[in-house]
Structure formats: structure tokens, C-alpha cells
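Written below as C-alpha cells is the structure these notes are about.
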Amino acid sequence: MSGVAAVLSRRGQHTLARREARRFHLFVSPWVIGFVLFTGGPILASIAISFTHWNLLRSPTWAGLANYQKMVNDPEFWDSIGNTFYFGLGAVSLGVVFTFALALLLNQPLRFQGLFRTVMYLPSVVSGVATALLWLNILHPDFGLINKLLALVGVSGPPWLGSTEWAMPALILMSVWGAGNTIVIYLAGLQGIPKTLYEAAEIDGASWWRRFWSVTVPMMSPVIFFNVVTGFIASIQAYTLILIMTEGGPANSTMVLGLYIYRQAFVFFDMGYAAALSWAMFLIVIVVTLIQFGLARRWVHYEFH
Amino acid sequence: MEMNRRQMLALAVAAATVPVLSACAGDTRQQRQAAAPTKSGVPTLDPNRPGNDTWPFAEAEQLNNSLTWPKTDVADPASKVTLTVAITADVIAEVRNAQFDFFFHKRHPNIEIKRETSPFDAYLTKYMTQAAGGSMPDVIYTHYSWAQNFIANDIFQPLDEYIAKTPEFDKQDLPVNALGYYERDGKLFGLPTDMAPKLLFYNKDIFDKAGEKYPDESWTVEKMMAVAKKLTSGSGAEKIYGFTPMLLPEPDITPRALMQYGGRYLNADESASLISQPEAQKVMGMWLDLLNKDKAVPSLAELNQVLAKVEPFKVGHAAMTINGAWILTELAKQKAFTWGAAPTPKGPKGRFTPVIGSALAMYAKSPQKDAAWIYLNEYLSSTGQQFRRISAPARQSAWKPNAEALGIPQDVVETVKTAMKEYGTGDGVLKLPANKKVVETAKPIWERVMIGKTDLASGLKEITDKITPLLAENKIA
């Protein structure tokens, strides 16, 4: 009997597994079909387009490696990469510190905690254009909030977006504005740290800073790493807010790679070159991410159960 | 890990207050600007009686009935067709366009109009992308700077054959100096809808306050700059600029500023850069002095931060500007300051001003070209432009009635007419396919010159070096 029961049990498990597999494929199919049709197809097409000259008004003509050669010899392309790394490093560094600090604050058990968390998340649901207009006002040299506050302490604020030196720092400052999603991820990570670790540290007489540095940071390192990787990828691709706020100026000081691709594609309608630039961006993302994974071995602590 | 709760509360409240404070920090200049009727969009209208407070349907109906609409030998379609018309318009003009289409359909029951109205900023991208799909509207709006690219790529249909079938068509009523944007190999591919010269506008209040005489036809460029320097005052939010905007290497810079001294940005067939030559360099240097020494025009910081959002002249913060006559409607409506318009100042080589605007064209592969022509013929006729009450009609005969209806002073209309007849030109205005690349490539270099990071001669040479390879694109088949 026991053998029959075991066989029946295995059959039941197989049936259940098959049913689960069917449901799995059913549920993921909309995304997979959407990806293949609307994302995967264009991605593949962009490879072909990058080897053509195409102005949208006529059929594409074969260009061979001309677009890639042009890219290598294009100083604006290299400048845009420099600007992209400037923005990416600044935005990610500031973003990690700022959002982690905010998450620590929002993780404090106190009254109206939910309200504070909601308030901090609010900027994430504001549309990009509204955010840009808001920050144009905040950064305005004459009427902006930041310069008004600086004036209160006797500091004459810079022209921000109108200055080749200050435009990029201004954009980096603005980039932490919509970091609500990152804060949520940090909060989830913080709540996953076992309280017993803090209790053990307290018993050992560890100070606030020691507990933060030796318990919180190591335990949060996988989450920080995730946010650094995704944040850097997003920074490399960033262009919407920059387009609205500076259009790459002044004097191309905020011309990041994403915006440069947009300009080639939708201002100059040089689709072949824009496609080649897009693949260069993809390559940069891959290389930077691989480097980050390589460095992660030195500082990311995974706790395996 | 817990903090002092009071500190925590203070921090959170401070962070939450930022958006509120930011909203309060907006300047009143922008609020005034927001009142201007320049927003794009499509208002919801009653399809049977399109109209609103600005353009009541009854008034439009009366006007429509009072006008004589032009005829053509091109026959109406025998069966019903739908004509797709792609235009760009603000909310005010959109109502008038809806009314035009309504009455047009009454006159031509077999032609149904499907109007696609897009904001100007999104228009080109939208229809270039649509062109890639092999489908375009039957009637297409085009800016003067886009037309040659469309023509070179066989998107537009030559209109000469249709003009020949329309004996009433008065080509002489169109500005000869503006048709070049839409011509190629002796054929006309577009008909201008609006076309106007740039004029020297001035703020009478600022001139009166300073006891300065208003500009007139005797003014030279040097005189204009000297007065601009004199009328500059204040700082920050209170700053009054003598002149706005700063001269930039834009498509119309040649007739706008360089020809007066014998200079040009590009040569006539747009195949070579001339901006680094002494004549052009002299002018660019004069404007740099006005910017950096006299502080009489908005700086780069102010251009980027302020000018894109609020034009200082339009809100009473600049004594003078050179702008297109299409701003007349806006100026006529505003009550913040009194203004006047004068001929653009002359230089040693004479007086020039760019004449620019936009046009409508017919899609070369349109299946209903006859219906498209009937529409174009009426929409772009003097009657059509009078019905639409546009402030800078390409039809010269529409200027007077439109100006009267819009409250534009008669002396200003005469200034416009003189400019169109005597010194307005399309010569030197960049119009060939590479024009956008040329402008965008030169812009950051010139900006570096403006802020002193590159000297004038080196900057202009760099512009020449960078744009020269791009000009090969202008040698189109």
C-alpha cells in the first residue's frame, strides 16, 4: 500500500507541478509577448539600423561601420560620456547617502510614521515635467528657494542652471528628489535586519555609530549594492528631466549621452547614428555593471541561511 | 538606533515643507506670462456650432457669410472623401480653425475634414516618424526651416499645376521674398500661411522715463546699441535690459544682424561658412561688448534661466527687442506697458530684416489631391486669412482688415508693409536640410564665447570648422 501511496503522491505532485507551470506561463505570457513585440523587436532592429543612414523620410541605406567610425571621432560623443559619468557618479553617490539616511529616519518608531513615509514618497508620483518646472523655480537665480535661503545667511547663490560649472551639480541635486522607490527598498531592507543582532551589539556595549557601522551597513550592503547598480544604470540613461531643464546647455555642460542620442534621433533625425550611440550606451552599462559586480565582492555581505 | 523624536519630527517637517515653499517662490513675471494665450491644445467644441467666448460661433457665421470665397477649376470630389489636415495651433487659433473647417464642409459637402492639431514643439517629430511609416496627412503644415528637407525627400507635391487651374489665384498678393523657402527647381511646393518681417519693438514707458526719443527709420545699429546701454538699469528681478535677446547664431542671423555690415553666416547656397570673416566677426564682437561690457542684454545664465520661460520685453523688462510681427496680437492685447514698432536699424551696408513664417503643403502621395487643393486654396486665400484673423497673414491684402480686427495700430501695419516691400528678405536665412544641425552645433561654441571661455576669433573659427562638414548635406540632388 505504501508503494501505491507513494506513486499516487508523486503523480499528484507532477499534476500540481504541471498545473503550476501552466499558470506560470499564462501569467508571464502578456509580458513576454509584449517584450518580444514592442521591445525585443525594436532592440534587434536597432542593431540593423546602426549600420545604415536613415533620415526617416527615405528608406535606410547601408552605411557599414560608418556610424561607429563617426562615433569614435566625434568629440561631442566623448564629452557626453564624460558628462554622463559626472552625473551618474554624483547622482548615485548623493542618492545613496541621502536616501539611506532618510530611510533610517523613516524607520524610527514614532507617531505619524505612515504620514512621514507617505510625504517622502510623494515626489515619486509627481510627473517628470511637473518636477522639472518645480526645480526650475527652486533653482532660479533671482527668485528660487535655494538662493533665497542662501541669501538669508549672506551667501550669494550661483546662477545654477545658467552656469557651466553649476548646472550639473544642480541636476545632481535634483536627481534625489524622486527617490521614493529607493527609500522603500531601503526600508524593507532595514526591517529585515534581525533585532537580535542589535541586542547582541548593545549587550557588548556598542555605541549608536558602532551598531550602525558594524550591523546596519553590512546587513544592508546587498540592498545598497542593488540600489547602486540600478541607480547607475538609470543615471546613464537619464535625459528627460535634463532635456526639459537645460536642453544640454549651457555650452553643452549637461549634454549627457541619453540626451545626445535623443538629439541625434529626434532633432537631427539621424537614426543610424542614434542607433549606434544607443549600442555604445548599452556597452557602457554592461561594462560599468560588471565592474560594480567585481568590486561588490569586496564590500557586499550576503548572509546565507 | 533611535533618534530624538523632536529632532526627527523637525527634519521630516522641514523636508515636507520644501514643495510648499517652492511653490510660493515662483516669480510674478511667470504668472503674468501664464495669462498669455499661447498654450497649445485642443479645446472641446460643439461640432455643430464650434465657438467660444473669444470666437463666438454667431460672429464667425456672420463673417463667413460676408466674405467671398475663392473659386478654382478643380472640381469637388464626386463622392465623399476625408481630408486629413495636420497643423499646429494654439488654443485660440484652434477654435478658429474648427470654425473654418465647419464652414468649409458646408461649402464642400463631399469633403470631410479631419484636423490633427499638434503643439509646435512636438509637430516635426510626430510627422517625421509618421513619414517613416509611409503615411502622411493630405495637407501638412511646415515651418520655413523644414520645407526644403521635405521637398528634397519628395514628401511635398508641386502646386504649380493646381495654381494654373485656379485663374483667381493671386500670386502677386504673396510676398515674393518669402516664397523661396518653398521653391525648388522652379516649382512651388508650399503656400505660406503666415509670413512677416522682424521689426524693432520698443517699450514706450521705459523710453519716456529716461527722456529718450523713440526709435525711427534714421536709427543705425550703433545708435540702437548706445541707447540700449543707456536704458539698462537695476539688477536681479528688477533688471531692465536695454535690448533682448542676445544675438545668437540662429537661422536668420544674416539678415537680422550681419548683412547690415556686409557679413553673412553662410554663403548663398549654404555650402560654406562665412561667419569667421571680418565683416561678420565685427558684428559678433559688437554684440559681445553689449553683453559683457555694457550688460545691456541678458547673459547666458539669464538666457537659459529666464528667457526660455519669460521673454523680458513681453513683461516690460526690456526697452527694445527685434522680433517678428507675429507678436503684434499679444502686444496689442497686453495692458502692462505701451509699445511701438520701428524699422530695424540700418548699418553701413543698408537696412535688412528677415521675412519668415510657415506654410501648408500637399502630401505627394495623397489619394485626394484635388480636395487638398480646394482646401489649400481657400484656407490660404486672402479671404481665408481674413476669416482666421491671423496677425501676420502671408496674403498682403489681409493685413489691413486683420490688423483692424485685432486692434493693431495702423502705423505699425504701415511699418510692416514697408519692411515687406523694401528691405525684408529671405536671403541668408538658413533653410536647407542641414540648418538644424548647423544651429545646434554652433550654439554651444558661441555660448562658450559669450561666457569668455573662448575668444571671439577662435570661437567663430571653431564654428566654421565644425559646421563645414555638415554643409555637405545641403548639396542635395
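Within segment B:144-241, considering only helices (runs of 4 or more DSSP H) that don't extend past its boundaries, which have at least 2 residues that are of a type in the set (A, V, I, L, M) and touching a Gly at 6+ places or on another chain (Cβ under 9 Å)?
B:144-152, B:176-179, B:221-231
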Scanning segment B:141-155 for residues that are farther than 16 Å from residue B:129 by Cα, crowded, with 24+ Cβ neighbours inside 10 Å and within 11 Å of chain A (Cβ to nearest Cβ) gives B:151
Checked against (1) more than 27 Å from residue B:402 (Cα to Cα); (2) modelled with pLDDT of 90 or more, residue B:307 satisfies every condition except (2)
Going through (1) free of Cβ contacts under 8 Å to residues at least 24 places away in the same chain; (2) among the hydrophobic types (A, V, I, L, M, F, W, C); (3) within 12 Å of chain B (Cβ to nearest Cβ) one by one, residue A:85 fails only at (3)
Within segment A:106-130, residues under 22 Å from the mean Cα position of the chain (by Cα) and at the interface with chain B (Cβ under 10 Å from one of its Cβ atoms) come out as A:106, A:117, A:118, A:119, A:120, A:122, A:123, A:126
Q: Determine, yes or no, whether residue B:77 is in the same structural domain as residue B:363 (by TED's automatic domain parsing) and surrounded by 14 or more Cβ atoms within 10 Å (Cβ to Cβ).
A: yes
The one condition residue B:443 fails out of (1) buried (at least 22 other Cβ atoms within 10 Å of the Cβ); (2) under 20 Å from residue A:248 (Cα atoms) is (1)
*In segment B:433-448, is there at least one residue being polar (S, T, N, Q), in contact (Cβ under 8 Å) with a residue 24 or more places away in the chain, in contact with a Lys or Arg (Cβ under 9 Å, 6 or more places away or on another chain) and not assigned by TED's automatic domain parsing to the domain that holds residue B:151?*
yes
- Could you tell me whether any residue of segment A:15-36 is under 19 Å from residue A:282 (Cβ atoms), of a type in the set (Val, Ile, Thr) and not assigned by TED's automatic domain parsing to the domain that holds residue A:260? yes
With criteria (1) away from chain B (no Cβ under 14 Å); (2) more than 24 Å from residue A:124 (Cα to Cα); (3) not basic (Lys, Arg), residue A:49 comes up short on (1)
Those residues of segment A:251-271 which are touching a residue at least 12 places away in the same chain (Cβ under 8 Å) and either touching a Lys or Arg at 6+ places or on another chain (Cβ under 9 Å) or among the aliphatic types (A, V, I, L, M) (or both) amount to A:251, A:252, A:255, A:256, A:257, A:259, A:261, A:269, A:270, A:271
Among (1) among the hydrophobic types (A, V, I, L, M, F, W, C); (2) within 14 Å of chain A (Cβ to nearest Cβ); (3) crowded, with 21+ Cβ neighbours inside 10 Å, residue B:131 falls short only on (3)
In segment A:261-300, residues that are within 11 Å of chain B (Cβ to nearest Cβ) and of a type in the set (S, T, N, Q) total 1
Those residues of segment A:142-181 which are among the aliphatic types (A, V, I, L, M), at the interface with chain B (Cβ under 10 Å from one of its Cβ atoms) and under 28 Å from the mean Cα position of the chain (by Cα) amount to A:145, A:146, A:161, A:167
Exactly one of B:238, B:212, B:302 is surrounded by fewer than 17 Cβ atoms within 10 Å (Cβ to Cβ) and in contact with a strand residue (DSSP E or B) (Cβ under 9 Å, 6 or more places away or on another chain), and that one is B:212
The correct count of residues that are more than 15 Å from residue B:415 (Cα to Cα) and not β-branched (Val, Ile, Thr) in segment B:311-361 is 26
Over segment A:238-260, the set of residues within 14 Å of chain B (Cβ to nearest Cβ), assigned to a helix (DSSP H, G or I) and at pLDDT 95 or above is A:259, A:260
Within segment A:52-66, the residues that are at negative phi and more than 14 Å from chain B (Cβ to nearest Cβ) are A:62, A:63, A:65
The residue from A:235, A:207, A:221 that alone is more than 10 Å from every other protein chain (Cβ to nearest Cβ), within 19 Å of the chain's Cα centre (by Cα), small (Gly, Ala, Ser) and surrounded by fewer than 19 Cβ atoms within 10 Å (Cβ to Cβ) is A:221
Going through segment B:223-249 in order, the residues found to be among the small types (Gly, Ala, Ser) and more than 14 Å from chain A (Cβ to nearest Cβ) are B:226, B:228, B:233, B:242
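The values are calculated or read from the model by the stated rules, or taken from the named source; none is laboratory data. What you see is a predicted model, and the numbers here were worked out from it, not measured in a lab. Here the Cβ is made from the backbone with ideal geometry for all residues, glycine too, and neighbour counts use every protein chain on show.
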